[in-house]
Ligand SMILES: [Zn+2]
């Protein structure tokens, strides 16, 4: 993950032109990542009841975990239940503070995580060192993991597949407001570049959006988009009610 994150950083800053990794290098990278994951899980001493159940293999997957009403209190829960989770550094800043000893620097990283299949989270981490700030942000993102209820709420489409969202949702972060609207199949992600990744990390393929907030940072847009997606769990009315309404308009 760290190697990948730094590569992203390089691309973001445009300082170095990174060459494409060869298939062998990619394979080695994936192997190393899987080894790190296995080690993180075997070294893990769960502090919560839900964590102990996950480590003992009593919880099958993330859906099972959330359905039981648990919250992610330990990042290893996510390591264990979502083996192929994707991680991406979305924002990185270096800040200077004047202290008695002179200037002291610290790094602030924001990391997005997602399984590409309805789970997404964003987290922030600060540290005096570069790598630990990214690691802290990744852990925070896993603990802030949200389940996204996908669906097709598009009047033009009306299929039953989870390619979009079930209804219109809105999310906030500081001054930013992101509104997401269901779109028919094939529309793609009609959203700003800042939040495209949030949607694809959550496994949403077609959506329209409206955003407000001009002086906002990338992180504000990302957080507002995650917040909007989390609102898909708040059903406005039940499926049963929806069927009745549908029957009435016929
Ligand atoms: Zn559809």
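The values are calculated or read from the model by the stated rules, or taken from the named source; none is laboratory data. Everything numeric here is computed off the predicted structure, so don't read it as measured data. Cβ: placed from backbone, ideal geometry, glycine included. Neighbour counts: every protein chain shown.
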Next item on the list: Pick out the one residue from 140, 109, 144 that is under 29 Å from residue 67 (Cβ atoms), in contact with a helix residue (DSSP H, G or I) (Cβ under 9 Å, 6 or more places away or on another chain), away from the ligand (no atom under 16 Å from the Cβ) and modelled with pLDDT of 95 or more.
Entry: 144
Margin query: Looking at the structure I just gave you, is residue 62 within 18 Å of the chain's Cα centre (by Cα) and surrounded by fewer than 17 Cβ atoms within 10 Å (Cβ to Cβ)?
Written below: no
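Filter the range 178-195 down to the residues that are surrounded by fewer than 17 Cβ atoms within 10 Å (Cβ to Cβ), touching a strand residue (DSSP E or B) at 6+ places or on another chain (Cβ under 7 Å) and more than 16 Å from residue 234 (Cα to Cα) and list them by number.
As a first pass, look at the range 178-195 and keep what is surrounded by fewer than 17 Cβ atoms within 10 Å (Cβ to Cβ): 179, 184-186, 188, 190, 192-193.
If we keep only those that are touching a strand residue (DSSP E or B) at 6+ places or on another chain (Cβ under 7 Å) as well, we get 179, 190, 192.
Once the filter is applied, which keeps residues that are surrounded by fewer than 17 Cβ atoms within 10 Å (Cβ to Cβ), touching a strand residue (DSSP E or B) at 6+ places or on another chain (Cβ under 7 Å) and more than 16 Å from residue 234 (Cα to Cα), the range 178-195 yields 190, 192.
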Item checked: Matching entry among 88, 15, 33 (being at pLDDT below 90 and within 30 Å of residue 150 (Cα to Cα)) -> 33
Next item on the list: Return the residue satisfying two criteria in turn: it lies in the range 158-177 and is free of Cβ contacts under 8 Å to residues at least 40 places away in the same chain and within 8 Å of the ligand (Cβ to nearest atom), and of such residues it is surrounded by the fewest Cβ atoms within 10 Å (Cβ to Cβ).
Entry: 160
